[in-house]
Amino acid sequence: MAEAALSLTEAFGALGTAQGRQDPYPLYEAIRAHGDLAWRGPGRLVVTGYDACARALRDTRLHVQDRTAFDAAHPAWRSHSSLRAFTSSMLYSNGSDHARLRSLVGFAFTPPRVRELAAVVEDMADRLLDRMAVLGADGDPVDVVAEFASRLPVAVIGALLGFPEEDQVWFRDIASAIAVSTDGFSDPAGLHRADAAMDALAGYFAELLERRRRAPAEDLLTVLASVHRDEPERLSHEELTGNLMVLLTAGFETTSFLIGHGVMIALDHAPYARRLREEADFADPYVEEILRYEPPVHVTSRWAAHDTELLGTAVPRGTRLTLVLAAANRDPRRFTAPDRFTPGRGAPQPLSFGAGPHYCLGAPLARLEAAVALPRLLRRFPRLSAAERPVYRDRWVVRGLDTYPLALGV
Ligand code: HEM
């Protein structure tokens, strides 16, 4: 059956399979064929159009999943520590709670503050590349995801928060386990593992926070620990744990996937690899187009806390919205030849980091990391090539490479 002829149920059914998730883009077009906004069933709206997604993300009557939404959909959610932590964080709160939680850490992620970190990120990337050189010295393939793309974001956020370097690989594995809980109740075994990981992480945070109370340092952990101690009404214990967890998890797989896709496309298209090596100002537009073309976050959701409307479609209170950011990024009405990878397109900005009040806090950091990592990797190993085909992680919401073994050519 041609993709365009699929019903919404069939298209979503296919997205639920490993085969469909391998290449979801034709399925997005099948969904788009039903309209920019399409009712998937009573009270369930799917949004694939760029303008409609951008509006929905900015509409403050549409809320992110919070405690109220979980209470309505999954009354047993409070027995899951990972979900309790998420719902205590800025990512899963709305209105004044959200503004309060975001303002406590926002100062550390502004573009000027992030630019100051460039030298630190470069140094971290170079150290990881040194390590890769050792691992691949005898000609063995090196998995660029495990050894580089996934390590750099954890190292950077770890340094910003003030986590000991030796614990970074542990975080990475814990953060992966916890991230599964964002898939909600569709994967009970995954949710169980996410809870166990969250419990371990909460214990670890408690110990670290205690250390910072005794011996303050120049890091975000110290700032947050003192806000919680001095003004607990601005930051409760649960909120502190939830926000630390989100800061640790939100930026790690996502940035790893951004870097992984950047490597994959450069190795498939030699002129891009050459330009990344040789042209200092090519990395920024290249990263921007990777974000549009292969966004790490494919979908997010909202629920209507109040009646609203989107581009003329009435959205009654209680509606659940699926916002397919990856489809919006390929909306043919906003992007010419959207399936073609074309660095330097300019406006409009892809929706890969969302928009509106929940716009990704770490966007400047993720952009910096990728723009530092890709040229440095390609310059360090000029004969880099794929040793095996890249393998995608079998997940839909946050999508990217699980493994990508490379021959370093050294
Ligand atoms: C390429 C990498 C990244 C992508 C694609 C990405 C994507 C996103 C998206 C789409 C949202 C909005 C979700 C929504 O509105 O429903 C978001 C929010 C968020 N991101 Fe990122 N992110 C990335 C990297 C990072 C990094 C490095 C950090 C580290 C600090 C981070 C921290 C956050 C936080 C804290 C939020 C919640 C903001 C809020 O609710 O106000 N992200 N991210």
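The values are calculated or read from the model by the stated rules, or taken from the named source; none is laboratory data. Being a predicted model, the structure only gives us computed values, none of them experimental. Please note: Cβ atoms are built from the backbone with ideal geometry, for glycine as well, and neighbour counts cover all protein chains shown. Protein only, heavy atoms only, side chains kept; ligands, DNA and RNA dropped before computing areas. Shrake-Rupley method; radii C 1.70, N 1.55, O 1.52, S 1.80 Å.
Against the condition at pLDDT below 95 and either open to solvent by 20 Å² or more (accessible area, probe 1.4 Å) or of a type in the set (Asp, Glu) (or both), how does GLY242 come out, does it pass?
no
Please work out which residue is modelled with the lowest pLDDT, limiting yourself to the stretch 147-159 and to residues that are within 18 Å of LEU248 (Cβ to Cβ) and open to solvent by 30 Å² or more (accessible area, probe 1.4 Å).
Of the residues in the stretch 147-159, the ones within 18 Å of LEU248 (Cβ to Cβ) are 149-159.
Still in the running and open to solvent by 30 Å² or more (accessible area, probe 1.4 Å): 151, 159.
On the way: ARG151: 94, ALA159: 90.
That would be ALA159.
Please find, within the stretch 101-116, the residue that is nearest to HIS237 (Cα to Cα) out of those that are of a type in the set (Lys, Arg) and surrounded by 14 or more Cβ atoms within 10 Å (Cβ to Cβ).
Taking the stretch 101-116 first, the residues of a type in the set (Lys, Arg) are 102, 113, 115.
Subsequent filtering for residues that are surrounded by 14 or more Cβ atoms within 10 Å (Cβ to Cβ) retains 102, 113.
On the way: ARG102: 16, ARG113: 27 Å.
Out of the qualifying residues, it is ARG102.
Among ARG317, ARG330, which is the only one that is in contact (Cβ under 8 Å) with a residue 60 or more places away in the chain, more than 8 Å from the ligand (Cβ to nearest atom) and of a type in the set (Lys, Arg)?
ARG330
Conditions first: (1) open to solvent by 30 Å² or more (accessible area, probe 1.4 Å); (2) in contact (Cβ under 8 Å) with a residue 40 or more places away in the chain. VAL144 passes all but one, so which condition is the exception?
All conditions pass for VAL144, except number (1).
In this structure, is ASP281 over 15 Å from LEU401 (Cα atoms), open to solvent by 10 Å² or more (accessible area, probe 1.4 Å), without any contact (Cβ under 8 Å) to a residue 60 or more places away in the chain and charged (D, E, K, R)?
yes
Residue check: is PHE109 in contact with a Phe, Trp or Tyr (Cβ under 9 Å, 6 or more places away or on another chain) and either more than 23 Å from THR403 (Cβ to Cβ) or not aromatic (Phe, Trp, Tyr) (or both)?
Taking the combined requirement at face value, the residue does not satisfy it.
For the stretch 159-263, give me every one of the helices (runs of 4 or more DSSP H) that falls completely inside it and has 3 or more residues that are within 14 Å of the ligand (Cβ to nearest atom) and over 30 Å from ALA273 (Cα atoms). Quick ask: steps written out before the conclusion?
Details: elements: 168-179, 188-214, 220-230, 237-250.
Hits in the stretch 159-263: 168-179, 220-230, 237-250.
In the stretch 264-282, how many residues are in contact with a Pro (Cβ under 8 Å, 6 or more places away or on another chain) and within 16 Å of the ligand (Cβ to nearest atom)?
Qualifying residue count, the stretch 264-282: 1.
Among the residues of the stretch 355-391, what is the count of those that are within 16 Å of the ligand (Cβ to nearest atom) and either more than 18 Å from the chain's Cα centre (by Cα) or open to solvent by less than 50 Å² (accessible area, probe 1.4 Å) (or both)?
Number satisfying all stated conditions: 17.
Does PRO350 satisfy being farther than 25 Å from PRO111 by Cα and either within 16 Å of the ligand (Cβ to nearest atom) or not charged (D, E, K, R) (or both)?
Judged against the criteria, PRO350 is not a match.
Output the number of residues of the stretch 98-133 satisfying the condition of being acidic (Asp, Glu) and touching a residue at least 12 places away in the same chain (Cβ under 8 Å).
So the count comes out to 2.
Among residues belonging to the stretch 314-332 that are under 23 Å from LEU27 (Cα atoms) and open to solvent by 40 Å² or more (accessible area, probe 1.4 Å), point out the one that is nearest to the chain's Cα centre (by Cα).
Per the criteria, the residue is ARG320.
Give me the pairs: first residue in the stretch 291-303 and modelled with pLDDT of 95 or more and in a strand (DSSP E or B), second residue open to solvent by 20 Å² or more (accessible area, probe 1.4 Å) and within 7 Å of the ligand (Cβ to nearest atom), beta-carbon distance under 7 Å, and six or more apart or on different chains, which are they?
Filtered contacts from the stretch 291-303: VAL297/THR254.
In this structure, does ARG345 turn out to be away from the ligand (no atom under 16 Å from the Cβ), touching a residue at least 40 places away in the same chain (Cβ under 8 Å) and surrounded by fewer than 23 Cβ atoms within 10 Å (Cβ to Cβ)? Lay out the reasoning, then the answer.
Details: away from the ligand (no atom under 16 Å from the Cβ): yes; touching a residue at least 40 places away in the same chain (Cβ under 8 Å): yes; surrounded by fewer than 23 Cβ atoms within 10 Å (Cβ to Cβ): yes.
For ARG345, the condition - away from the ligand (no atom under 16 Å from the Cβ), touching a residue at least 40 places away in the same chain (Cβ under 8 Å) and surrounded by fewer than 23 Cβ atoms within 10 Å (Cβ to Cβ) - is met.
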